[in-house]
Amino acid sequence: MKYLEGAFAPVTEEVTAFDLPVTGRIPAELNGRYLRNGPNPLNVEDPAVHIWGMGQGMVHGVRLRDGRAEWYRNRFVRTPGFAPMVHVFEHARRVFALAEGGLPPAELDAELNTVGLCDLGGTAQGFTAGAHSKHDPLTGELHSLSYMPGHDFVQHIVTDAGGSVARTTTIPMTRTPFLHDFALTESHVVLWDTPLGFDRFECRWLPGHPTRVGVLPRAGGEVRWLDVGPVHVSHTLNAYDDGHSVVVDLVTAEGPFDPADPGAIRPVLDRWTITPDGIDQRRLDDRPRDFPRVNEARATRPYRYGYSAATALYGIPFTSEGPPPDDAFTNALVKHDLERGTAEVHGFGRDAAVGEAVFAGTGAGEDEGYLLTYVHDAERGAADLVILSAQDFTGEPVARVHLPARVPLGLHGNWLPDH
């Protein structure tokens, strides 16, 4: 079971370390915490049927202040059953770990200890904030597209800047979809109903199920559904309104998709332009990558730069151009210039196990800031927090913070700047 070995192998101990050693210079303007969540299953009864993403979540965090790495902590999300293991972010000055499929969020304290389960985004039907809830940087609202197995509807939930549910829209479905992510613009919510969904309570690819894209006004109302060819949708990079059209940049893959083997697909970057007449689908980059992120200050609006990762999850060589040579790397970060249609690649070693990178803005420019990600250091058998300059993307890292422990390849996180 490869999802319990190598870069995925869980760690067994919670670690706390202070005054971490650094190679390079931590930018003094980076004051805050970089947190990332992911599955860390222990005591798996039958590894042969284990599904990556199931089991206890673990949050890894590094505290930066005044050019120093003050601490590293990793903490289990301590809740009953399957703990939130997908995402971690801040809303209304509180930190939450988020889960998939109707499991409630957990609140964490400043040192990553679990306060307990909570009802962030809670509705009368028992739904809560979903795994890929999105902030609107203009309004401070949190938007969630949430589903629960066994329900033939999903809910768009808007939580205001203070943490209270402002409005909820119920969207009827033909069955429970696997709705891991969605898209948000200033005026619309975009969701997809693909062949990946729940047959009773089993998540699987249903080849006879049509693929369709729904466009919902953010204020609520009816969903406009449009049909597209069968496709698996992984994650959204960003989306925005363009006159009467909606532009969505997203990671897709040909099906079928097996939840028990998520690394078996080849994810690519596409642009879907949704017009009153249909959907124009265009390939932006056919090299395999996933975990797309954007400068969150540009979320929901037109933008130029996006970032993604080629990770060991898929194990497919990623090269700047042409067929991959024998020594091609499978660990890389990519900066996309969507205005010019170009991409820069920052490659790491074969055993580096780079994960999702998040953008930490330090100025008004869209790429004025840094990318932060955990990267495995094979020589030390532990991870580094790598800090790259977004404006010198292919250059040497600005800093490497050397952690005392390994960080398994995981899912999503955020940069939480000091207030």
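The values are calculated or read from the model by the stated rules, or taken from the named source; none is laboratory data. Worth saying up front: this structure is predicted, and the values here are computed from it rather than measured. Methodologically, a virtual Cβ is constructed for each residue, glycine included, from the backbone with ideal geometry; neighbour enumeration extends over all protein chains shown. Calculation scope for accessible area: heavy atoms of the full protein, side chains included, ligands and nucleic acids excluded. Shrake-Rupley method; radii C 1.70, N 1.55, O 1.52, S 1.80 Å.
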Go through region 180-239 and name the trypsin sites (Lys or Arg not before Pro) that are in a DSSP coil and have 16 or fewer other Cβ atoms within 10 Å of their Cβ.
Arg200
Long-range amide H partners of Leu411 with built H, under 5 Å:
Asn37, Gly38
Considering the dipole of the chain built from charges on the beta carbon (Lys and Arg +1, Asp and Glu -1) around the Cα centre, which of Phe153, Asn295, Gly24 is farthest to its positive end?
Phe153
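With charges set only on the Cβ (+1 for Lys and Arg, -1 for Asp and Glu), what does the dipole of the chain come to about its Cα centre, in debye to the nearest 20?
Numbers: 36 positive and 56 negative charges, 90 e Å.
Once rounded to the nearest 20, the dipole reads 440 debye.
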Net charge within 14 Å of Val247 by Cβ-Cβ distance, Lys/Arg positive one each and Asp/Glu negative one each, not counting Val247 itself?
-2
Placing each pseudo-label 7 Å from Cα in the direction of the beta carbon, Thr394 and Ala92 end up separated by a distance in nanometres of 4.7 nm
For the chain, what is the accessible area per residue in Å² when the probe is 1.4 Å?
40 Å²
What ranking do 393-402, 130-139 get when scored by the average of other Cβ atoms within 10 Å per residue, highest first?
130-139, 393-402
Which of (i) 152; (ii) 315; (iii) 138 gives volume of the Cα convex hull per residue in Å³ as computed here? It is (iii)
In the chain, if the dipole is taken from +1 on Lys/Arg beta carbons and -1 on Asp/Glu beta carbons about the Cα centre, which of His60, Val165, His132 is farthest to the positive end?
Val165
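Between beta-carbons, use under 13 Å as the cut-off and find the net charge around Gln391, counting Lys and Arg +1, Asp and Glu -1. Don't skip to the end; give the middle numbers.
Working: positive: Arg304, Lys335; negative: Asp337, Glu344, Glu366, Asp367, Glu368, Asp392.
Net charge around Gln391: -4.
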Would you mind checking which residues have amide H under 5 Å from Asp377's amide H? H placed 1.01 Å from N; only 5 or more apart, or other chain.
Ala382, Ala383, Asp384
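Give me the extension gain from Asp241 to Ile51: residue separation times 0.36 nm, minus the current Cα-Cα distance, reported in nm with one decimal. Each step should come with its number before you reach the end.
Values: separation 190, 0.36 × 190 = 68.40 nm, distance 3.68 nm.
Between Asp241 and Ile51, full extension yields 64.7 nm more.
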Pop a pseudo-label 7 angstrom from the Cα along the beta-carbon direction at both Asp109 and Leu138 and give the gap in nm to one decimal.
3.9 nm
How many angstrom lie between the Cα centre of region 43-112 and the Cα centre of region 203-260?
27 Å
Using modelled amide H (1.01 Å from N, peptide plane; none on Pro or chain starts), what sits under 5 Å from the amide H of Gly130, excluding residues fewer than 5 places away?
Leu145
Whole-Hz Karplus ³J(HN,Hα) for region 211-216, in order, using 6.51 cos²θ - 1.76 cosθ + 1.60 and θ = phi - 60°, x for Gly and Pro?
9, 9, 10, x, 10, 10
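Which chymotrypsin sites (Phe, Trp or Tyr not before Pro) does region 173-231 hold that lie in a coil by DSSP with at most 13 other beta carbons within 10 Å?
Details: sites: Phe178, Phe182, Trp192, Phe198, Phe201, Trp205, Trp225; in loops: Phe178, Phe182, Phe201.
Here the sparse-neighbourhood loop sites are Phe201.
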Whole-Hz Karplus couplings 3J(HN,Hα) for region 355-371, θ = phi - 60° and coefficients 6.51, -1.76, 1.60, Gly and Pro as x, run x, 4, 10, 10, 8, 10, x, 10, x, 7, x, 4, 10, 8, x, 9, 9
Farthest positive-ward along the chain dipole, Cα basis, beta-carbon charges - from His244, Tyr370, Val77
Val77
Quick one: with all protein chains in place, what share of the accessible area of the chain is carbon or sulfur, to the nearest percent (1.4 Å probe)?
47 percent
Could you sort 265-272, 333-340 so that the peptide with the highest average Cβ count within 10 Å comes first and the rest follow in order?
265-272, 333-340
In whole Hz, what ³J(HN,Hα) sequence does region 54-63 give by Karplus (6.51, -1.76, 1.60; θ = phi - 60°), x for Gly and Pro?
9, x, 5, x, 9, 9, 10, x, 10, 9
